[in-house]
Amino acid sequence: MPNSSQSRTGDTKISLPGGGQISERALHFLKALVERHIRDGQPVGSRTLARDAGLDLSPATVRNVMSDLEELGLVASPHTSAGRVPTVSGYRLFVDSLLTVSPIDDAFMNRMRSGFEPGGESKVLIESASRLLSGVTHLAGLVMVPRHEREVFHQIEFLKLSGTRVLAILVTADGEVHNRIIHTEQECSASHLQQAANYLTEVFSGLDMREVRRRLLEDLKTTHQRMDALMMRAMEMAQRVVEGAEHEDDVLIAGQTNLLEFQELASMERLKSLFQAFTEKRQILDLLDRCIEADGVQIFIGQESGFELLDDCSLVTTTYRVEDQILGVLGVIGPTRMDYQRVIPVVDVTAKLLAAALRRP
């Protein structure tokens with residue numbers, strides 16, 4: 001909990017991470033408000049909040065506390081309602097400082113453990129984990145394929161065709177070949193294309209496709225001023241063929257339709273954007289890649305993900321590993337008002353169960 005101090009009225013004040021102070025009473029109300037909003041998804045009024053908080057206070061006092069929370073940016077009042085809803089900052093304070101996570105009991109653990117087929121192949125186990133996550137949480141469950149099972153870049157070739165057309169040929173470490181015809185802005189000679197292909201092969205050979213694409217994007221953003229036009233075009237061509245070659249099962253997603261149950265996600269425009277993200281997977285994989293080196297459970301709430309498509313969602317993830325080697329990330333996507341108290345231990349336990357299943361000979 002952040003630092004606290006005593007006010008002149010005797011009400012303990014607690015310093016917030018982003019500046020400002022909040023009273024213990026206001027924190028108590030915030031916790032009650034978030035828990036009520038998670039349960040029913042509706043703005044919470046002063047009368048309901050006073051009852052949930054279990055405090056015998058006048059309506060005016062409750063309204064004053066609600067106003068304080070709103071001034072601190074922890075709650076907001078929708079135009080259509082006199083009640084309040086938590087903001088991203090409110091949820092973050094709730095998750096970081098007010099949430100109590102209970103351990104999973106043995107009976108529930110045994111039910112979850114039974115969801116993994118003994119001696120199953122890794123892909124079957126990963127599919128089981130994504131289905132288990134979605135089934136238990138009633139959200140969308142997602143599991144990254146282990147790093148060692150991803151396609152690995154081995155070699156790239158560019159063959160000059162007619163005019164500005166180039167055939168890009170990418171060969172993976174397991175011998176799979178991906179071809180793509182690319183139209184360039186300017187004509188390139190065969191010798192220049194060979195020179196560019198040799199350079200890219202030397203730099204990226206042995207890296208998995210996710211890492212290759214990440215580095216290509218990074219280099220195109222940061223070094224374009226120092227890069228000649230030919231190499232720029234070569235890297236752009238490589239990026240396009242790598243994007244097409246990335247294994248479509250880099251992340252397995254189950255239970256997307258569970259999100260239809262949440263009113264705040266149920267508009268056609270939101271659903272279309274979300275399901276497009278689930279289909280393309282690229283932004284979700286980028287987000288999961290940010291979690292791969294992190295310890296423990298990671299939580300992105302609303303705009304914290306950095307992806308506009310997920311502004312109304314939260315993502316709860318953790319890594320799964322075998323013998324201290326991180327294999328991937330798993331987690332769930334749902335609305336910002338997901339039941340964090342229930343979801344966090346489920347994500348954590350599923351990672352441990354998947355890791356145990358993958359360790360079996």
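The values are calculated or read from the model by the stated rules, or taken from the named source; none is laboratory data. Not measured: the values here are computed from a predicted model. Every residue, glycine as well, gets a Cβ built from its backbone with ideal geometry; the counts of neighbours run over all protein chains shown. Please note that ligands, DNA and RNA were not included when accessible areas were found on the heavy atoms of the full protein model with its side chains. Shrake-Rupley method; radii C 1.70, N 1.55, O 1.52, S 1.80 Å.
Count of the stretch 119-128 residues, restricted to those that are part of a helix (DSSP H, G or I) and open to solvent by 60 Å² or more (accessible area, probe 1.4 Å), is 2.
Residue by residue, here is whether (1) under 18 Å from ARG92 (Cβ atoms); (2) open to solvent by less than 10 Å² (accessible area, probe 1.4 Å); (3) of a type in the set (Val, Ile, Thr) holds:
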position: GLU280; (1), (2), (3): no, no, no
position: GLY296; (1), (2), (3): yes, no, no
position: GLY302; (1), (2), (3): yes, yes, no
position: LEU310; (1), (2), (3): yes, no, no
position: VAL332; (1), (2), (3): yes, yes, yes
position: ASP339; (1), (2), (3): yes, no, no
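Every listed requirement among (1) in contact with a Leu (Cβ under 7 Å, 6 or more places away or on another chain); (2) at pLDDT below 85 is met by LEU287 save one, (2). Kindly indicate whether GLU308 is free of Cβ contacts under 8 Å to residues at least 40 places away in the same chain and either within 20 Å of ARG113 (Cβ to Cβ) or of a type in the set (D, E, K, R) (or both). Answer is yes for this residue. GLY73 meets the conditions (1) within 26 Å of GLU304 (Cα to Cα); (2) not in a loop (DSSP other than H, G, I, E, B) in every case but one. The failed one is (2).
Every residue, every condition in (1) modelled with pLDDT of 80 or more; (2) loosely packed, with under 13 Cβ neighbours inside 10 Å; (3) assigned to a helix (DSSP H, G or I), yes or no:
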site: GLU187; (1), (2), (3): yes, yes, no
site: SER191; (1), (2), (3): yes, yes, yes
site: GLN194; (1), (2), (3): yes, no, yes
site: GLU202; (1), (2), (3): yes, yes, yes
site: ARG210; (1), (2), (3): no, no, yes
site: ARG215; (1), (2), (3): yes, no, yes
site: GLU218; (1), (2), (3): no, yes, yes
site: LYS221; (1), (2), (3): no, yes, yes
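In this structure, PHE116 qualifies as in a loop (DSSP other than H, G, I, E, B), in contact with a helix residue (DSSP H, G or I) (Cβ under 7 Å, 6 or more places away or on another chain), crowded, with 17+ Cβ neighbours inside 10 Å and of a type outside the set (D, E, K, R). So which of SER89, SER102 is of a type in the set (Ser, Thr, Tyr), within 30 Å of SER46 (Cβ to Cβ), touching a residue at least 60 places away in the same chain (Cβ under 8 Å) and in contact with a Leu (Cβ under 6 Å, 6 or more places away or on another chain)? None of the others qualify; the one that does is SER89.
Residue count for the stretch 72-105, restricted to those that are more than 29 Å from the chain's Cα centre (by Cα) and either within 27 Å of VAL346 (Cα to Cα) or open to solvent by 60 Å² or more (accessible area, probe 1.4 Å) (or both): 3. Considering the stretch 172-185, and only residues there that are touching a residue at least 60 places away in the same chain (Cβ under 8 Å) and open to solvent by less than 50 Å² (accessible area, probe 1.4 Å), the residue that is farthest from ILE292 (Cα to Cα) turns out to be HIS178. When PHE153 is tested against (1) in contact with a Lys or Arg (Cβ under 8 Å, 6 or more places away or on another chain); (2) modelled with pLDDT of 80 or more; (3) farther than 13 Å from ARG240 by Cα; (4) surrounded by 17 or more Cβ atoms within 10 Å (Cβ to Cβ), exactly one condition is not met: (1).
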